[in-house]
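The block underneath contains the structure these notes are about, expressed in structure tokens.
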């Protein structure tokens, strides 16, 4: 599982919720799904150009690990700040996620955000870097996720502000194809249940696909 989170100024409550609930989410899903292998979790927290992260540019990053408590602590160490315009650097977060080493056949990707990526093609929001990424750049990233050889990849966007991100999510869906979903959440109280539900369904779907292949 990879958790990618917008860590700009409006997102602190969501960062806190993800960090506090991650261990129980993984433990409960692991038990419910009767998995033979332990779930590994990675984390990419992103901001925007001009902001400063803990690890790489404006990013907070933790590699995939079975030690969920360390990943949880990393998420909780992320502080929400920055993001002067509405759009954020989703592109770089997606690129960093692809760089994290994960050999699992089933990959669950979560992107939690309330603002769209840069690029005038993806939203009508205020964007100080609308020409930073070329047309089709986001779509290319989504295809790189979905077309990883030998892997069943499930991508879920946790959409906190549909008005800002719906256009972008529709374009992501069209490029990713099957196994792409969007969850509309208005309250952090719903975070754990929604994530657990999608994780359980995705893992079961992947299990059936792997059995069919053999």
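The values are calculated or read from the model by the stated rules, or taken from the named source; none is laboratory data. Small disclaimer: the values here were computed from a predicted structure and weren't measured. As a convention, Cβ positions derive from the backbone with ideal geometry for all residues, glycine included, and neighbour counts pool all protein chains shown.
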- Message: Looking at (1) without any contact (Cβ under 8 Å) to a residue 24 or more places away in the chain; (2) surrounded by fewer than 17 Cβ atoms within 10 Å (Cβ to Cβ), which one does residue 62 not meet, given that it meets all the others?
- Response: (2)
- Message: Regarding the range 84-104, can at least one residue be identified that is surrounded by 19 or more Cβ atoms within 10 Å (Cβ to Cβ), assigned to a strand (DSSP E or B) and in contact with a helix residue (DSSP H, G or I) (Cβ under 8 Å, 6 or more places away or on another chain)?
- Response: no
- Flagged pairs (Cβ under 8 angstrom, 6 or more apart or on separate chains; first in the range 17-30, without any contact (Cβ under 8 Å) to a residue 12 or more places away in the chain; second surrounded by fewer than 19 Cβ atoms within 10 Å (Cβ to Cβ) and not in a helix (DSSP H, G or I)) are 30/38
- Taking the range 143-171 only, how many residues are in contact with a strand residue (DSSP E or B) (Cβ under 9 Å, 6 or more places away or on another chain) and touching a residue at least 40 places away in the same chain (Cβ under 8 Å)? 16
- Task: State all residues of the range 1-48 that are surrounded by fewer than 19 Cβ atoms within 10 Å (Cβ to Cβ) and closer than 19 Å to residue 99 by Cβ; if no residue qualifies, say none.
- Result: none
- Within the range 73-82, identify whether any single residue is at pLDDT 95 or above, part of a helix (DSSP H, G or I) and surrounded by 21 or more Cβ atoms within 10 Å (Cβ to Cβ), and answer yes or no. yes
- Task: Output the qualifying pairs, or none if there are none: Cβ atoms under 6 angstrom, residues six or more apart or on different chains, first residue in the range 78-105 and within 16 Å of residue 1 (Cβ to Cβ), second residue in a loop (DSSP other than H, G, I, E, B).
- Result: 105/151
- Task: Residue by residue through the range 124-141, note down the ones that are within 15 Å of residue 173 (Cβ to Cβ) and in contact (Cβ under 8 Å) with a residue 40 or more places away in the chain.
- Result: 138, 141
